[in-house]
1. Test each condition in (1) in a loop (DSSP other than H, G, I, E, B); (2) touching a helix residue (DSSP H, G or I) at 6+ places or on another chain (Cβ under 9 Å); (3) surrounded by fewer than 18 Cβ atoms within 10 Å (Cβ to Cβ) for residue 101 and report the one that comes out false.
2. Would you be able to tell me the number of residues in region 120-161 that are within 22 Å of residue 78 (Cβ to Cβ) and touching a strand residue (DSSP E or B) at 6+ places or on another chain (Cβ under 8 Å)?
3. Which one of these does residue 124 not meet: (1) surrounded by 12 or more Cβ atoms within 10 Å (Cβ to Cβ); (2) in contact with a helix residue (DSSP H, G or I) (Cβ under 9 Å, 6 or more places away or on another chain)?
4. How many residues are at pLDDT 90 or above, under 9 Å from the mean Cα position of the chain (by Cα) and not in a loop (DSSP other than H, G, I, E, B) when one looks only at region 117-141?
5. Within region 142-166, how many residues turn out to be touching a helix residue (DSSP H, G or I) at 6+ places or on another chain (Cβ under 6 Å) and either part of a strand (DSSP E or B) or without any contact (Cβ under 8 Å) to a residue 40 or more places away in the chain (or both)?
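The values are calculated or read from the model by the stated rules, or taken from the named source; none is laboratory data. Quick caveat: nothing in here was measured; it's all calculated off a predicted structure. Cβ coordinates were reconstructed from backbone atoms using ideal geometry, including for glycine residues, and neighbour counts include every protein chain displayed.
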């Protein structure tokens, strides 16, 4: 009986269309395919300053904290022309003064490159808000940078990583 139920479930769950490759090592953007899979959801926004808006904002930040990347620390980064598999430029920053100065100095360049930032070191919401203010609209995601550190041999941040390599 169980085998019959399993066979029925498998028969019903088989896709009716052929599978489509959505990512290949050729480096073409994946965003158009993802948009088809998960269309944007329209969520009604609360007016700024209302108690609910403040609660939603603080819950979403608190959910990501603390962000830690034990193998990374603030420090000087040597430029390297080591090709990477990145499709879009990425920068790694922390909440330290060096990172805040680096963002301010390189904001225009990062904007022109359409770079996405990863906040790899943050303990408090106040620290995150300081980096968001310094980034002035640059996309910034709080996440550990351990995978990038291991894959690319990075020990310090802030750093910009592009398809061609990495540097300060």
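1. It fails just one condition, (1).
2. We begin by selecting, within region 120-161, every residue within 22 Å of residue 78 (Cβ to Cβ); these are 120-121, 145-161.
With touching a strand residue (DSSP E or B) at 6+ places or on another chain (Cβ under 8 Å) added as a condition, the list becomes 120-121, 145, 148, 152, 154-161.
Total meeting the criteria: 13.
3. (2)
4. So the count comes out to 3.
5. Going through region 142-166 one residue at a time, the tally reaches 1.
Yes or no, residue by residue, for (1) without any contact (Cβ under 8 Å) to a residue 60 or more places away in the chain; (2) farther than 23 Å from residue 64 by Cβ; (3) more than 18 Å from the chain's Cα centre (by Cα):
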residue: 81; (1), (2), (3): no, yes, yes
residue: 101; (1), (2), (3): yes, yes, yes
residue: 114; (1), (2), (3): yes, no, no
residue: 168; (1), (2), (3): no, yes, yes
